[in-house]
Amino acid sequence: MSTHDDDVLFQPLQAGAFQMPHRILMSPLTRARATDRIPNDLMAEYYTQRASAALIISEATAISPQGFGWHGAPAIYSDDQVAGWRKVTDAVHNAGGRMVVQLWHMGRVSHPDYQDGKLPVGPSPILAAGEAHTPTGKKPYVVPHELTKPEIRKIVEDYATATRRARDAGFDGVEIHGANGYLIDEFLRDGSNQRTDEYGGSKENRTRFLLEVIEAVTDAWSADRTGLRISPTMNGTGMFDSDPISLFRYVAEVLNPLGLAYLHVAESIRPGRIYNPDAPRVTPEIRKLYDGVFIANGGYDRDTAIACLERGEADAIAFGQKFIANPDLPQRLMQDASLNEPNPDTYYSPGPVGYTDYPALESAV
Ligand SMILES: Cc1cc2nc3c(=O)[nH]c(=O)nc-3n(C[C@H](O)[C@H](O)[C@H](O)COP(=O)(O)O)c2cc1C
């Protein structure tokens, strides 16, 4: 029998402009089902099935052709893409849900196949570890083009444009993807940023691009509709930082006056495939310093989520893989019901199998 105060997960939470009926968010999950980068009816069905989430954070969504780099992923830079998203957000709202779009620029881990043969871009010409998901299968990453200052300014403008398009597309807000080895994270961490100008070197300089993006996005819409995701110790694609605790302490402090809707930190509580099991967890350090709504993610289940909130280590929890397999996850967690198991083979495969066919509780056997 549980000795926890189970209710903590099911209390309402106001995060900026987002009124959440409980504290179980849907983590951003790339599922690669878009049609030529345009959201479609199948995606609308998938997200609508998950409308009972406190907040749906969409799969990562490219802000520009330059920011794109994952076959089957959606984007938000064209009118057709906005129209496709509008169908998704209308359906989610009709089902009583709330949804933000995760704004994505992949930086150095895009591929020339997506860039008309040109190099992908990054803060420094440093090769990422691993392979890109191209239309013709996985291919090794390439050394990126080092962004010039005018090119950086253009990308910041692209974030503002994408934010305005997100509003047009009917989203409730945006989440800036500052995690997982993509462009913003590449600027933040010194393993991928060895610039000698004002965007590199000190932690203050490496945080400059993030702050410029936040300013552009919040000016284009509003801070209380803007969340930020970071992943201080994620070590995929060769990401690392020589001193993540001092870097992300600094990030937490400079975020405080900005009044964002929430800060979302992805860092597994368990040793995992993606996150470095040897690094000390940075999440508690950030939580201590950050004044706003704090969302934790990474390996949580019902018990560990409740324990985390009880101890005051976060205000809410984002669930990833459990939401893939359980469209009605909040109800299941509320009732302490059994969960469907996700099938990793269908995470990125086309079509409805392993996407919209996980049963809800009523129809589960
Ligand atoms: C299939 C899959 C796709 C993912 N796509 C994204 C994404 O688009 N954006 C992002 O920030 N994280 C992404 N992640 C990471 C998840 O949001 C989450 O941080 C991770 O799964 C750990 O949480 P969990 O243990 O609750 O699943 C993805 C993870 C998986 C398994």
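The values are calculated or read from the model by the stated rules, or taken from the named source; none is laboratory data. On a predicted model such as this, the values are computed, not experimentally measured, just so you know. Heads up, the Cβs are rebuilt from the backbone with ideal geometry, glycines too, and the neighbour counts pull from every protein chain shown. Side chains included, ligands, DNA and RNA excluded: accessible areas come from the protein's heavy atoms. Shrake-Rupley method; radii C 1.70, N 1.55, O 1.52, S 1.80 Å.
Which residue out of Ile76, Ile126 is at pLDDT 95 or above and surrounded by fewer than 22 Cβ atoms within 10 Å (Cβ to Cβ)? Break it down into steps so the answer makes sense when it comes.
Details: Ile76 fails: surrounded by fewer than 22 Cβ atoms within 10 Å (Cβ to Cβ).
So the residue among Ile76, Ile126 that is at pLDDT 95 or above and surrounded by fewer than 22 Cβ atoms within 10 Å (Cβ to Cβ) is Ile126.
Taking Ala337 and the conditions (1) free of Cβ contacts under 8 Å to residues at least 40 places away in the same chain; (2) near the ligand (Cβ under 10 Å from one of its atoms), which numbered condition does it fall short on, given that it satisfies the others?
The one condition Ala337 does not meet is (2).
Quick check on my filter: what residues within the stretch 143-168 are out of contact with any strand residue (DSSP E or B) (no Cβ under 7 Å at 6 or more places or on another chain) and open to solvent by less than 40 Å² (accessible area, probe 1.4 Å)?
Ile152, Ile155, Val156, Asp158, Ala160
Scan the stretch 244-259 and tell me whether some residue there is touching a residue at least 12 places away in the same chain (Cβ under 8 Å), not charged (D, E, K, R) and not in a helix (DSSP H, G or I).
So the first thing to find is which residues in the stretch 244-259 are touching a residue at least 12 places away in the same chain (Cβ under 8 Å), and the list is 244-256, 258-259.
In the following step, the residues that additionally are not charged (D, E, K, R) were identified as 244-248, 250-252, 254-256, 258-259.
This time we only want the ones that are not in a helix (DSSP H, G or I), so: 259.
So far as the stretch 244-259 goes, yes, one or more of its residues are touching a residue at least 12 places away in the same chain (Cβ under 8 Å), not charged (D, E, K, R) and not in a helix (DSSP H, G or I).
So that you can scan it fast, the table gives a plain yes or no per residue for (1) free of Cβ contacts under 8 Å to residues at least 12 places away in the same chain; (2) among the hydrophobic types (A, V, I, L, M, F, W, C); (3) within 14 Å of the ligand (Cβ to nearest atom):
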position	(1), (2), (3)
Ala62	no, yes, yes
Gly72	no, no, yes
Gly84	no, no, no
Ala91	no, yes, no
Arg98	no, no, no
Val109	no, yes, yes
Pro112	no, no, no
Leu119	no, yes, no
Ser124	no, no, no
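Among the listed residues Val101, Val92, Val109, identify the single one that is over 21 Å from Asp185 (Cβ atoms), surrounded by 22 or more Cβ atoms within 10 Å (Cβ to Cβ) and in contact with a helix residue (DSSP H, G or I) (Cβ under 9 Å, 6 or more places away or on another chain).
Numbers: Val101 fails: over 21 Å from Asp185 (Cβ atoms); Val109 fails: over 21 Å from Asp185 (Cβ atoms).
Every option except Val92 fails the conditions.
Touching a Lys or Arg at 6+ places or on another chain (Cβ under 8 Å) and in a strand (DSSP E or B) - does that describe any residue in the stretch 138-152?
yes
Got a number for residues in the stretch 286-301 being in contact with an Asp or Glu (Cβ under 8 Å, 6 or more places away or on another chain), of a type in the set (D, E, K, R) and within 12 Å of the ligand (Cβ to nearest atom)?
Counting residues in the stretch 286-301 that are in contact with an Asp or Glu (Cβ under 8 Å, 6 or more places away or on another chain), of a type in the set (D, E, K, R) and within 12 Å of the ligand (Cβ to nearest atom) gives 0.
Can we say Gln321 is out of contact with any Cys (no Cβ under 8 Å at 6 or more places or on another chain), within 11 Å of the ligand (Cβ to nearest atom) and not small (Gly, Ala, Ser)?
Numbers: out of contact with any Cys (no Cβ under 8 Å at 6 or more places or on another chain): yes; within 11 Å of the ligand (Cβ to nearest atom): yes; not small (Gly, Ala, Ser): yes.
For Gln321, the condition - out of contact with any Cys (no Cβ under 8 Å at 6 or more places or on another chain), within 11 Å of the ligand (Cβ to nearest atom) and not small (Gly, Ala, Ser) - is met.
Cβ contacts < 6 Å: first residue closer than 16 Å to Val82 by Cβ, restricted to the stretch 149-161; second residue open to solvent by less than 80 Å² (accessible area, probe 1.4 Å) and assigned to a helix (DSSP H, G or I), any location; separation 6+ or different chain. Result?
From the stretch 149-161, the pairs are Tyr159/Val213; Tyr159/Ala216; Tyr159/Val217; Ala160/Ala216; Ala160/Ala220.
Within the stretch 27-46, which residues are in a helix (DSSP H, G or I) and away from the ligand (no atom under 14 Å from the Cβ)? Give the steps one after another, and end with the answer.
Within the stretch 27-46, the first condition is being in a helix (DSSP H, G or I), and the residues that meet it are 41-46.
Within the stretch 27-46, Asp41, Leu42, Ala44, Glu45 qualify.
Each row is one residue, and each column tells you yes or no for (1) more than 18 Å from Leu228 (Cβ to Cβ); (2) polar (S, T, N, Q); (3) out of contact with any strand residue (DSSP E or B) (no Cβ under 7 Å at 6 or more places or on another chain).
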| site | (1), (2), (3) |
| --- | --- |
| Phe171 | no, no, no |
| Tyr182 | no, no, no |
| Asp185 | no, no, no |
| Asp190 | yes, no, yes |
| Lys203 | no, no, yes |
| Arg208 | no, no, yes |
| Leu211 | no, no, yes |
| Glu215 | no, no, yes |
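Scan the stretch 169-223 residue by residue and report those that are in contact (Cβ under 8 Å) with a residue 60 or more places away in the chain, more than 15 Å from the ligand (Cβ to nearest atom) and of a type in the set (A, V, I, L, M).
Ala169, Ala216, Val217, Ala220, Ala223
Is at least one residue of the stretch 204-218 open to solvent by 10 Å² or more (accessible area, probe 1.4 Å), modelled with pLDDT under 95, touching a Lys or Arg at 6+ places or on another chain (Cβ under 8 Å) and farther than 17 Å from Ala261 by Cα? Outline the logic, then answer.
First, the residues of the stretch 204-218 that are open to solvent by 10 Å² or more (accessible area, probe 1.4 Å): 204-206, 208, 211-212, 215-216, 218.
Subsequent filtering for residues that are modelled with pLDDT under 95 retains none.
Checked the stretch 204-218: no residue is open to solvent by 10 Å² or more (accessible area, probe 1.4 Å), modelled with pLDDT under 95, touching a Lys or Arg at 6+ places or on another chain (Cβ under 8 Å) and farther than 17 Å from Ala261 by Cα.
Is there a residue in the stretch 151-165 that is within 18 Å of Pro123 (Cα to Cα) and in contact with a Ser or Thr (Cβ under 6 Å, 6 or more places away or on another chain)?
First, pick out the residues of the stretch 151-165 that are within 18 Å of Pro123 (Cα to Cα): 151-159.
Retained after the next criterion (residues that are in contact with a Ser or Thr (Cβ under 6 Å, 6 or more places away or on another chain)): 158.
Yes, the stretch 151-165 contains a residue that is within 18 Å of Pro123 (Cα to Cα) and in contact with a Ser or Thr (Cβ under 6 Å, 6 or more places away or on another chain).
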